[in-house]
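Colleague: Just dropping this structure here.
The values are calculated or read from the model by the stated rules, or taken from the named source; none is laboratory data. Note that the structure is predicted; figures quoted are calculated from it, not measured. FYI the Cβ positions are ideal-geometry reconstructions off the backbone, even for glycines, and counts take in every protein chain you see.
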Amino acid sequence: MRNVLQTWTSAQVRAAEEPLLAAGVPLMGRAAFALHVWVADALRDRRGTLTGARVVVLVGPGNNGGDALHAGALLARRGVEVHAVLTADRVHQGGLTALRAAGGRVLRLERLEDAAALAVGADLVLDGVLGIGSDGSGLRGAAGALVEAIVQRGRPYVVAVDVPSGLGVDDGRREGVVLDADLTVSFGTLKPGLVLPPGARAAGRVEHVDLGLEPAGAPAVVRLEAADVADLWPVPAPDAHKYTRGVVGVVAGSRAYAGAAVLTTSGAVRAGVGMVRYLGDVADLVVAAHPEVVVGHGRVQAWVFGPGVSPDDAGQRRRIEYAVQHVRERGEPAVVDAGALDLLPPHVGPHAVITPHAGELARLLGQRGEAVDRADVEAEPLRWARRAHELTGATVLLKGSVTVVVGARGAVYAQADAPPWLATAGAGDVLAGLLGALLAGRAQAVQEDPSLAAALAAAAALVHGRAAHRANPGGPVAAQAVADALPGTIAELLGA
Ligand SMILES: NC(=O)C1=CN([C@@H]2O[C@H](COP(=O)(O)OP(=O)(O)OC[C@H]3O[C@@H](n4cnc5c(N)ncnc54)[C@H](OP(=O)(O)O)[C@@H]3O)[C@@H](O)[C@H]2O)[C@@H](O)CC1
Ligand SMILES: Nc1ncnc2c1ncn2[C@@H]1O[C@H](COP(=O)(O)OP(=O)(O)O)[C@@H](O)[C@H]1O
Ligand SMILES: [K+]
């Protein structure tokens, strides 16, 4: 894949920095120089000129503070009025000396209210309190109190140095006080916390400064970009026919939830697949909406089951059990959604993709002995998606404003492609159908490499989110409109 955005943990970053530091490469100088350029750009955008601009630098005890102080020194030399507020007893001495020599002012954090007022009145606050040395428990002590006082008065424009201070760098946890940023300038590599929920949005816009690091091992979390979709999508070959393109079998809907059958088949039909087979009690409605859908059993390459199915619906339950048997015995890929999550066998393989939202994931974990509720899952989505993968063997697509996918061979994706308007009933059904179509089209490849299921799930989340934007840019969308926007969205992405 071409443009995939990769992130690496604090430990991987530190290990990658080591040989460069040993060779005397001035990493901090490079980081600080790049940071000061981004800050200067932001100041120019916001007020036209650097001269007379006021920047307040919040300085923590470590090298993150060192980066911020050195960047502050460079800005001071270009006519910016720079005030550094030292939030800890310890401070990076080289940075402090540089800032003082450049004419910057330094104050210790003695009177909290004065420091908060100074920060709120600044054109820009540079957050150098904590970087990859943070323990992820939020900002403690004086730094925490200062940030709380600043936020209470009205957060100024904030540029985070490396990561927003207080954020869980490796897991995106957001505990205690975190200083949200408008722009984060991240050094060496991007960090998982910048893309994972719930903290990712604290980073604002993210810019990466290349320091020549070569981290070892696989990236911790990746995010697919638009240009990656073409490599994953099952584009029909010139000599394709409907069976080579793949057939998806859909077990969805009931008399009580008939719409789910229509929306799930809409997702599959609009995503493009050789054929959609429907199994269920509302075939009349499905065929009325989509005359191209074939009703009844037959060979399929992948399954979607669960949307609009209550587990006590005997007919649908029987059909799902039949499909599950195929998934287990023949390795046919599947999307297991909504009502079918309760029917998931104790162990499946990663070719089965479960697609819960946080509440459904908490329930699934509860059935397997984990005492978690929805709020726990929302606080640590990656942790619990991982746990569900370990317990079930399935690829897990955890829906939310940032969708997290955990699959085989350590694959983790975090996709943030959708507008909040997508949080609407039935949107998940469309996603299930769309992903089913993708799995049917790439069924052979998924059987050969089950970690591909995670990449396809991430691609489905990306396409789904973009279709929501396309359906009605900047405004409300109905689930059916998202399905109807899929063909155009896919065409655009394949041309990307
Ligand atoms: N390595 C390199 O070459 C390069 C590194 N670079 C830069 O260095 C940064 C990493 O610097 P770092 O390792 O000094 O850690 P950093 O995040 O500044 O401070 C951590 C200290 O804070 C404390 N602390 C922890 N948790 C806390 C909490 N919740 N609330 C309050 N305090 C807390 C704890 O101190 P303690 O409390 O234990 O005294 C800990 O020691 C990195 O992000 C990048 O900006 C770049 O220049 C490129 C080259
Ligand atoms: N705040 C949000 N921003 C963007 N997308 C969201 C947000 N909340 C939910 N979503 C997406 O909307 C869809 C909702 O699906 P789901 O909860 O299954 O609804 P339903 O079961 O009614 O179809 C998912 O794809 C989810 O990722
Ligand atoms: K920081």
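Colleague: Check residue 124 against each of (1) buried (at least 19 other Cβ atoms within 10 Å of the Cβ); (2) under 24 Å from residue 379 (Cα atoms) and name the one condition it does not meet.
Modeller: Of the numbered conditions (1) buried (at least 19 other Cβ atoms within 10 Å of the Cβ); (2) under 24 Å from residue 379 (Cα atoms), the odd one out for residue 124 is (2).
Colleague: Can you report the number of residues in the stretch 118-148 which are more than 12 Å from ligand 1 (Cβ to nearest atom) and out of contact with any helix residue (DSSP H, G or I) (no Cβ under 7 Å at 6 or more places or on another chain)?
Modeller: Total satisfying the criteria: 4.
Colleague: Another question about this same structure. Of everything in the stretch 1-15 that's part of a strand (DSSP E or B) and in contact with a Ser or Thr (Cβ under 9 Å, 6 or more places away or on another chain), which residue is surrounded by the most Cβ atoms within 10 Å (Cβ to Cβ)?
Modeller: 7
Colleague: So, in the stretch 16-36, how many residues would count as being outside any loop (DSSP other than H, G, I, E, B), surrounded by fewer than 16 Cβ atoms within 10 Å (Cβ to Cβ) and more than 9 Å from ligand 1 (Cβ to nearest atom)?
Modeller: Counting residues in the stretch 16-36 that are outside any loop (DSSP other than H, G, I, E, B), surrounded by fewer than 16 Cβ atoms within 10 Å (Cβ to Cβ) and more than 9 Å from ligand 1 (Cβ to nearest atom) gives 3.
Colleague: Among residues belonging to the stretch 199-210 that are at pLDDT 95 or above and not in a helix (DSSP H, G or I), point out the one that is farthest from ligand 3 (Cβ to nearest atom).
Modeller: Applying the filter and picking the extreme gives 210.
Colleague: What is the one condition in (1) surrounded by fewer than 19 Cβ atoms within 10 Å (Cβ to Cβ); (2) in contact (Cβ under 8 Å) with a residue 24 or more places away in the chain; (3) assigned by TED's automatic domain parsing to the domain that holds residue 445 that residue 246 does not satisfy?
Modeller: Residue 246 satisfies every listed condition except (1).
Colleague: Let me ask something else about it. From the list 412, 404, pick out the single residue that is more than 15 Å from ligand 2 (Cβ to nearest atom), crowded, with 23+ Cβ neighbours inside 10 Å and within 17 Å of residue 169 (Cα to Cα).
Modeller: Unique residue meeting the criteria: 412.
Colleague: Which ones in the stretch 240-261 are assigned to a loop (DSSP other than H, G, I, E, B), closer than 17 Å to residue 292 by Cβ and hydrophobic (A, V, I, L, M, F, W, C)?
Modeller: 240, 252
Colleague: Which members of the stretch 190-202 meet the condition of being surrounded by fewer than 24 Cβ atoms within 10 Å (Cβ to Cβ) and closer than 20 Å to residue 62 by Cβ?
Modeller: 202
Colleague: Moving on to the next point. I'm trying to understand the selection: among the residues of the stretch 390-404, which are in a strand (DSSP E or B) and more than 14 Å from residue 379 (Cβ to Cβ)?
Modeller: 395, 396, 397, 403
Colleague: Could you list, ordered by first residue, the pairs with Cβ atoms under 7 Å in which the first is in the stretch 289-313 and more than 17 Å from residue 352 (Cβ to Cβ) and free of Cβ contacts under 8 Å to residues at least 60 places away in the same chain and the second is of a type in the set (Phe, Trp, Tyr) and surrounded by 14 or more Cβ atoms within 10 Å (Cβ to Cβ), at least 6 apart or interchain?
Modeller: Final answer for the pair search is 293/278; 295/278.
Colleague: Further question on the same structure: For residue 186, indicate whether it is of a type in the set (S, T, N, Q), in a loop (DSSP other than H, G, I, E, B), within 16 Å of ligand 3 (Cβ to nearest atom) and in contact with a strand residue (DSSP E or B) (Cβ under 9 Å, 6 or more places away or on another chain).
Modeller: No.
Colleague: Right, next: Which of the residues spanning the stretch 74-90 are free of Cβ contacts under 8 Å to residues at least 40 places away in the same chain and within 16 Å of ligand 1 (Cβ to nearest atom)?
Modeller: If the condition is that a residue be free of Cβ contacts under 8 Å to residues at least 40 places away in the same chain and within 16 Å of ligand 1 (Cβ to nearest atom), then 84, 86, 89, 90 are the ones that fit.
Colleague: I need the full set of residues from the stretch 364-378 which are surrounded by 17 or more Cβ atoms within 10 Å (Cβ to Cβ) and either in a helix (DSSP H, G or I) or out of contact with any helix residue (DSSP H, G or I) (no Cβ under 8 Å at 6 or more places or on another chain) (or both), in order please.
Modeller: Matches in the stretch 364-378: 364, 365, 376, 377, 378.
Colleague: Of the residues that make up the stretch 333-352, is at least one assigned by TED's automatic domain parsing to the domain that holds residue 437, over 23 Å from residue 434 (Cα atoms), of a type in the set (D, E, K, R) and not in a strand (DSSP E or B)?
Modeller: no
Colleague: Further question: Which residue out of 477, 430 is more than 19 Å from residue 4 (Cα to Cα) and within 21 Å of the chain's Cα centre (by Cα)?
Modeller: The conditions single out 430.
Colleague: Still on this model: Condition first: touching a strand residue (DSSP E or B) at 6+ places or on another chain (Cβ under 7 Å), more than 19 Å from residue 491 (Cα to Cα) and buried (at least 24 other Cβ atoms within 10 Å of the Cβ). Now tell me which residues in the stretch 262-279 satisfy that.
Modeller: Of everything in the stretch 262-279, those that are touching a strand residue (DSSP E or B) at 6+ places or on another chain (Cβ under 7 Å), more than 19 Å from residue 491 (Cα to Cα) and buried (at least 24 other Cβ atoms within 10 Å of the Cβ) turn out to be 264, 265, 276, 278, 279.
Colleague: Select the helices (runs of 4 or more DSSP H) contained entirely in the stretch 61-166, then report the ones holding at least 2 residues which are within 35 Å of the chain's Cα centre (by Cα).
Modeller: Ranges flagged: 63-77, 112-120, 141-153.
Colleague: Same structure again: Can you confirm whether residue 134 is more than 16 Å from ligand 2 (Cβ to nearest atom) and touching an Asp or Glu at 6+ places or on another chain (Cβ under 6 Å)?
Modeller: no
Colleague: Pick from 147, 125: which is touching a strand residue (DSSP E or B) at 6+ places or on another chain (Cβ under 7 Å), among the β-branched types (Val, Ile, Thr), more than 16 Å from ligand 2 (Cβ to nearest atom) and in the same structural domain as residue 56 (by TED's automatic domain parsing)?
Modeller: After applying the criteria, what remains is 125.
Colleague: Does the stretch 202-215 hold any residues that are of a type in the set (D, E, K, R) and free of Cβ contacts under 8 Å to residues at least 60 places away in the same chain, and which are they?
Modeller: Result: 205, 210.
Colleague: Looking at the stretch 472-495 only, could you name the residues that are closer than 14 Å to residue 420 by Cβ and either buried (at least 24 other Cβ atoms within 10 Å of the Cβ) or of a type in the set (Val, Ile, Thr) (or both)?
Modeller: 477, 482
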